[in-house]
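What follows is a set of notes on a single structure, which appears directly below.
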Amino acid sequence: MLGTAFTVRTDEDSEYFSEVVEHFRGKVNEIQSSVGTQDPLKIAILAGILASDDFIKLNGKQRRASLEVRSITDSLIQSLDEALSDRPTPPAPQTDQASSQQDSE
């Protein structure tokens, strides 16, 4: 990639790592087709910046979705609490001990 070869050791699954490399390679290609420089270091840095941008945008979307889920969940819990508090409380079941005390009185 970018005129260099190297070996990477990772604990990640090889398919996953291949996907990471392909994503980065796509960013490199994107930079090469849109920027006039052929300097591999500059291209790699710009590709890293674009990949970081993708990550931050995705992370932000996930955070917003998580906040929305939390808001919906809180609203549902509040609705359930209100609905349950409006219901009359059922009488407590009598135990055998309570019944025998009443019989002996």
Kindly provide the set of residues from region 35-57 that are farther than 14 Å from residue 3 by Cβ, out of contact with any Asp or Glu (no Cβ under 8 Å at 6 or more places or on another chain), of a type outside the set (Lys, Arg) and at pLDDT 90 or above, ordered by number. 45, 46, 48, 49, 51, 52, 53, 54, 55, 56
Sort out which residues of region 45-71 are polar (S, T, N, Q) and within 20 Å of residue 25 (Cβ to Cβ), and write them in order of number. 52
Scanning region 53-76 residue by residue, the ones that are in contact with a helix residue (DSSP H, G or I) (Cβ under 9 Å, 6 or more places away or on another chain) and hydrophobic (A, V, I, L, M, F, W, C) total 0
Close pairs (7 angstrom Cβ cut-off, 6 or more residues apart or separate chains): part of a loop (DSSP other than H, G, I, E, B) in region 1-16, of a type in the set (Phe, Trp, Tyr) anywhere: 10/17
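The values are calculated or read from the model by the stated rules, or taken from the named source; none is laboratory data. As the structure is a prediction and not an experimental result, all values here were calculated from the model. FYI the Cβ positions are ideal-geometry reconstructions off the backbone, even for glycines, and counts take in every protein chain you see.
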